[in-house]
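Written out below as structure tokens is the structure these notes cover.
Each value in this text was obtained by applying a stated rule to the coordinates, not by laboratory testing. For clarity, every value in this text was computed on a predicted model and none was experimentally measured. All Cβ positions, glycine included, derive from the backbone under ideal geometry; neighbour counts span all protein chains shown.
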Amino acid sequence: MLGEGAFGSVWQATHRASGEGFAVKIIEAVHAKRHGGLQAVMNEKAVLIQLDSPGHPSIIRLHATFRDAD
């Protein structure tokens, strides 16, 4: 584990095909929703999407998001 926040944790992962390293943020949506943080999570995603184009060397890149069954 790389770190922990109010609504989840960040883990180090390696892409199997390329060997590239990534940080994977796992957010417990039920916990975030229960404590009024779901909008903050959605805002973070929106900001990262906007910053991805054209991109900036000092800002992390959002590669993908998904939501599993609650």
*Enter the mean projected area of the convex hull around the alpha-carbon atoms of the chain, in nm², rounded to one decimal.*
5.7
*Would you work out the charge dipole size for the chain about its Cα centre, treating the Cβ of every Lys and Arg as +1 and the Cβ of every Asp and Glu as -1, and quote it to the nearest 20 debye?*
60
*If you line up the long axis of helix 38-51 against the longest principal axis of the chain, both from Cα atoms, how many degrees apart are they, to the nearest 10?*
20
*Considering only the other residues whose Cβ falls under 14 Å of the Cβ of residue 6, what net charge follows from Lys and Arg at +1 and Asp and Glu at -1?*
0
*Tell me, in nm to one decimal, what length is gained between residue 4 and residue 28 on full extension, where the rule is 0.36 nm per residue of separation less the Cα-Cα distance?*
7.5 nm
*Taking the dipole about the Cα centre of region 2-62, with the C-beta of Lys and Arg at +1 and of Asp and Glu at -1, give me whichever of 56, 26, 14 is farthest to the positive side.*
26
